[in-house]
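Everything below concerns the one structure shown next.
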Amino acid sequence: MNHEFDQFATSYRQEQTKYLSPTGENSYYFAQLKAKKLYEWSKKYLLRTPHRILDFGCGDGVMTCEVQKLFPATLLYGVDPSFESVDLAKKKSSFIHFYTSGKTVPYFESHMFDIVYCAGVFHHIPYEEHNDYINELYRILKPGGIIILFELNPLNPGTQYIFHGHPMEVHAKMLYPWYTKKIVSKFQYKATIFYSFFPHFLKFLRPYETWLSQLPLGGLYGTIAQK
């Protein structure tokens with residue numbers, strides 16, 4: 001990853017909300033949704049109370065702060081290559097440890113985190129660098145810990161429409177679910193879960209999404225694996 005998001009840091013939320021308008025939701029809704037999914041999936045797959053959680057590619061820290069609300073007794077960390085975004089994140093919470101990062105995070109010890117998650121990060125990383133990043137995340141994850149990759153679903157036409165109209169995605173390339181499963185092969189693969197099937201005007205149907213979680217048509221998905 002590079003610092004290309006520095007130019008979007010202050011306008012990121014407004015731009016995201018603009019391009020997400022077909023869903024009827026704003027970017028804060030999706031940050032909260034992913035935090036809730038993280039909490040739900042950790043209960044199922046981690047099977048212990050996490051001591052430390054890392055948001056790898058935290059951006060402006062909005063999702064990190066939402067995760068902190070759900071894990072108030074857990075130490076939260078966030079890293080991102082965008083200096084401007086990390087500065088914004090630091091202003092949102094004095095309880096979360098935010099740092100700038102590159103391909104490696106040498107200031108983190110091996111086996112340090114119970115959960116590492118990446119929300120919309122890997123589709124911004126060149127494919128030839130994916131294994132390098134995965135190896136680093138494997139290093140800092142505790143045995144038994146889980147990694148969650150939150151990604152956009154290219155099998156969903158609505159996601160494709162939003163993605164291809166978004167200026168922040170111009171250098172990005174969406175990841176198909178079977179590819180995301182492949183890049184976490186260093187870990188023990190647990191699940192790929194699809195979600196965000198219904199826009200705002202159909203939100204009364206959202207409680208039924210758990211029945212659809214294996215249907216690869218949700219706008220978003222998460223791939224979960226364990227060390």
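Brief remarks follow.
- Candidates Pro177, Pro126, filtered to the one that is out of contact with any helix residue (DSSP H, G or I) (no Cβ under 6 Å at 6 or more places or on another chain), open to solvent by less than 80 Å² (accessible area, probe 1.4 Å) and modelled with pLDDT under 95: Pro126
- Of the strands (runs of 3 or more DSSP E) lying entirely inside region 52-159, those containing at least 1 residues that are in contact with a strand residue (DSSP E or B) (Cβ under 9 Å, 6 or more places away or on another chain) and touching a residue at least 60 places away in the same chain (Cβ under 8 Å) are 52-56, 75-80, 113-119, 141-152.
- Between Ser196, Ser185, the distinction of being polar (S, T, N, Q), within 16 Å of the chain's Cα centre (by Cα) and at pLDDT 95 or above belongs to Ser196 only.
- Of all residues making up region 62-87, the number that are surrounded by 24 or more Cβ atoms within 10 Å (Cβ to Cβ) and either of a type in the set (Asp, Glu) or within 18 Å of Gly102 (Cβ to Cβ) (or both): 4
- Only one of the numbered conditions (1) in a helix (DSSP H, G or I); (2) open to solvent by less than 50 Å² (accessible area, probe 1.4 Å); (3) modelled with pLDDT of 95 or more; (4) in contact with a Phe, Trp or Tyr (Cβ under 8 Å, 6 or more places away or on another chain) is violated by Gly218, and that is (1).
- Looking only at region 132-144, residues that are more than 17 Å from Ala119 (Cα to Cα) and not charged (D, E, K, R) come to 4 in all.
The values are calculated or read from the model by the stated rules, or taken from the named source; none is laboratory data. Only a predicted model underlies this, so the values are computations on that prediction, with no experimental measurement involved. Please note: Cβ atoms are built from the backbone with ideal geometry, for glycine as well, and neighbour counts cover all protein chains shown. Heavy atoms of the whole protein, side chains included, go into the accessibility calculation; ligands, DNA and RNA do not. Shrake-Rupley method; radii C 1.70, N 1.55, O 1.52, S 1.80 Å.
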